[in-house]
Amino acid sequence: MFRDNVELQNIYTAFHPKILRYLARLVGEEEAEDLTQEVFIKAGQALPGFRGESSLSTWLYRIATNAVYDKLRSPAFQWTAHNKHSDDPIQDDLEGIPECDPFTGEKTPLFEQQFVKKEMSECIRSYLEKLPEIYRTVLVLSDMEGFSDKDMSDILGVTLGTIKIRLHRARASLRDLFMSHCEYYWISELSWRVT
């Protein structure tokens, strides 16, 4: 279907930022750039065999997910992850933080709001990283990348029922960790989902 370098370059241009973001959420920013390049090399090699039975997006995310699983299982990555002590700030903020205090109705100072978002994001991220990779992957694909259950089923090569079970268990596990370990307030107004 896609045979020439121009088409491959168009695919790279269209999907590189998305794949990079997805991989950064699963393996961290330090590893994501190299892994993204590996994904597009593999995609370029496999492109002549792509028959269009799934969407191009689903196909690329499946290659990326397999690359992540290979990376996470590699002894070198496990050693690095185990010995890493990083204080890098979290780039993504949570959406849904109210602009006013739910108890008083007063506007929340911008600085305070940003601080709360950052603290909650860091807490959720720290526990997201502790989830088993099958749960972390479905959360990222669903809540961060916006894929439907059907698309996730295609990407991960499992049944729709398995996706629903994994997603339910992942959200429940993350919510339980968040509620028992993260400092928070305004909880009645907040969505615990990761963004």
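Brief remarks on what is shown
- Taken over region 63-80, the criterion of being surrounded by fewer than 16 Cβ atoms within 10 Å (Cβ to Cβ) and modelled with pLDDT of 70 or more is satisfied by ASN66, TYR69, ASP70, ARG73, SER74, PRO75.
- Scanning region 135-170 for residues that are closer than 16 Å to VAL68 by Cα and free of Cβ contacts under 8 Å to residues at least 12 places away in the same chain returns no hits.
- Leading residue by the ranking (modelled with the highest pLDDT) among those in region 163-194 that are aromatic (Phe, Trp, Tyr) and farther than 15 Å from MET144 by Cβ: PHE178
- Counting the residues of region 44-71 that are assigned to a helix (DSSP H, G or I), more than 17 Å from LEU20 (Cβ to Cβ) and touching a residue at least 60 places away in the same chain (Cβ under 8 Å) gives 2.
- Members of region 1-44 that are of a type in the set (Gly, Ala, Ser) and within 16 Å of ARG62 (Cβ to Cβ): ALA43, GLY44
The values are calculated or read from the model by the stated rules, or taken from the named source; none is laboratory data. The structure displayed is predicted, hence computed values, not measured ones. Please note: Cβ atoms are built from the backbone with ideal geometry, for glycine as well, and neighbour counts cover all protein chains shown.
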